[in-house]
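For reference, the structure is listed below as structure tokens.
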Amino acid sequence: MNIWRLSFVVLVVATCGCGGGDAQRHAVHGTVTVDGTQVDEGKITFIRLGEHGGRATAVINQGEFRLSAEHGAWPGEQIVQIEAYRASATTVAPAGYLSSEQVAAGSAVQYLPAKFNTQSELKCVVEAGNENQHNFDLKLNP
């Protein structure tokens with residue numbers, strides 16, 4: 001393969017990227033509550049459906065999350081996965097603060113059922129040019 005063909009192949013691969021297709025990311029913000037009570041600590045992930053896929057994750061803090069346009073979700077229908085954490089019985093942490101190290105070490109417990117995260121039934125649509133505020137009030141006991 002000559003140098004021009006190799007350069008062309010590298011250029012095509014480099015410009016294709018992954019996850020976002022031609023669309024730009026968009027800011028998304030909102031709130032997360034469980035049975036009307038804010039989720040103090042957690043994370044929310046937006047997974048774009050369709051051929052281009054892509055995901056964006058934000059931290060939930062004091063019931064609120066915010067993704068900037070730079071790190072936001074791609075437009076289109078999304079599966080939404082939500083994890084909420086609380087301190088385990090042995091965790092010592094300032095009120096309202098669990099570090100990612102505590103979560104990774106198992107000193108924080110994810111307490112939402114799989115239907116809100118690994119087997120999520122939650123969906124939303126992220127639209128280009130809109131505010132994209134999405135509030136989720138999860139019901140543990142409907």
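Just so you know, all these numbers are worked out from the coordinates, no wet-lab data involved. It should be emphasised that the depicted structure is a prediction, and the values quoted were computed from it without experimental measurement. All Cβ positions, glycine included, derive from the backbone under ideal geometry; neighbour counts span all protein chains shown.
Taken along the Cα-to-beta-carbon direction at a fixed 7 Å, the label points for residue 125 and residue 68 span 2.9 nm. Computed from phi, the 3J(HN,Hα) profile of the range 32-41 under the Karplus parametrisation 6.51, -1.76, 1.60 (θ = phi - 60°) reads 9, 10, 10, 6, x, 10, 4, 7, 5, 9 Hz, with x in place of Gly and Pro. Once backbone amide H atoms are built at 1.01 Å from N, residue 122 has 80 as its partners under 5 Å, excluding neighbours fewer than 5 places away on the same chain. Within the range 58-87, list the residues whose amide N lies under 14 Å from a label point set 7 Å along Cα→Cβ of residue 109. What the label zone holds, given the 14 Å backbone N cut-off, is 84-87. If you take all other residues with their beta carbon under 12 Å from the beta carbon of residue 46, and give Lys and Arg +1 and Asp and Glu -1, the sum is +4. In order along the range 48-62, the Karplus-derived 3J(HN,Hα) couplings, from 6.51 cos²θ - 1.76 cosθ + 1.60 at θ = phi - 60°, round to 5, 7, x, 5, 8, x, x, 9, 9, 10, 10, 7, 9, 9, 6 Hz, and Gly and Pro are given as x. Charge tally around residue 66: other residues with Cβ under 14 Å, Lys/Arg +1 each, Asp/Glu -1 each, net -1. Note that the range 124-141 has calculated 3J(HN,Hα) couplings of 7, 10, 9, 10, 5, x, 10, 5, 6, 9, 10, 10, 10, 10, 7, 10, 7, 10 Hz, one per residue in order, obtained from phi through the Karplus relation 6.51 cos²θ - 1.76 cosθ + 1.60 (θ = phi - 60°); glycine and proline are x.
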